[in-house]
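The values are calculated or read from the model by the stated rules, or taken from the named source; none is laboratory data. Keep in mind that this is a model prediction, so the values were computed, not measured. No Cβ is skipped: glycine too gets one built from the backbone with ideal geometry, and neighbour counts run over all protein chains shown.
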Amino acid sequence: MSPKELQKEVLKRLLALAKEHGKPMTIHSRYAWKDCFELVKGAGVEKAVFHWFTGFSSVLRDILDAGYFISTTPAAEYHAEHRRAIRETPLEKLLLETDCPVVYGRGIKYRSEPADILRSLRAAAALKGIEEVVVAEQTTYNARQLLGIAPC
């Protein structure tokens, strides 16, 4: 693993490029949730998604208050902290992803593929207690907002 200061420096450079070119960032902040949030916000990046978020609720609130998104992965089927974050995230700030080809699962493991977006969708809908079609429509809208893609 690279030293923490080197990781921060590289992230700062990437954030500066995103800011300069008006591009969104995907942030995987494993065990560095607050540091990463502060770096993203401090860089002035307007659009970001915090991938597979499992951090503290206080940091999640800061992320959401800043207008950033949280993504749902297939780990939402079993990972307690990820499930909590999805429950606490308003649907308007949620995205779906597979993170493939990562290996998921507790007990029975599987290598994710693009079709597993349906696992993310089903898990998010169940955690939110709403219909899958509602989650699909809103998260598609959210992704278009994040990526600057006009409706079809």
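If the condition is being in contact with a Ser or Thr (Cβ under 9 Å, 6 or more places away or on another chain) and surrounded by 13 or more Cβ atoms within 10 Å (Cβ to Cβ), then region 1-28 contributes only Thr26. Condition check for Leu147 on (1) under 13 Å from the mean Cα position of the chain (by Cα); (2) loosely packed, with under 15 Cβ neighbours inside 10 Å; (3) within 15 Å of Thr26 (Cα to Cα): one failure, at (1). When we screen Ala48, Ala66, Ala85 for residues that are modelled with pLDDT of 95 or more and exposed (fewer than 15 other Cβ atoms within 10 Å of the Cβ), the only hit is Ala66. One residue alone among Ser71, Ser58 is surrounded by fewer than 13 Cβ atoms within 10 Å (Cβ to Cβ) and of a type in the set (S, T, N, Q), and that residue is Ser58. For region 89-138, taking the residues that are touching a strand residue (DSSP E or B) at 6+ places or on another chain (Cβ under 6 Å) and among the polar types (S, T, N, Q), the one that is nearest to Thr73 (Cα to Cα) is identified as Ser120. Selection within region 94-143: residues that are within 25 Å of Leu60 (Cα to Cα), in contact with a helix residue (DSSP H, G or I) (Cβ under 9 Å, 6 or more places away or on another chain) and small (Gly, Ala, Ser). The member of this set that is surrounded by the fewest Cβ atoms within 10 Å (Cβ to Cβ) is Gly105. Beta carbons closer than 7 Å, at least 6 apart along the sequence or on distinct chains, pair a first residue in region 125-145 that is in contact (Cβ under 8 Å) with a residue 40 or more places away in the chain with a second that is loosely packed, with under 14 Cβ neighbours inside 10 Å and part of a helix (DSSP H, G or I) for Leu127/Arg87; Gln138/Glu92; Asn142/Glu92.
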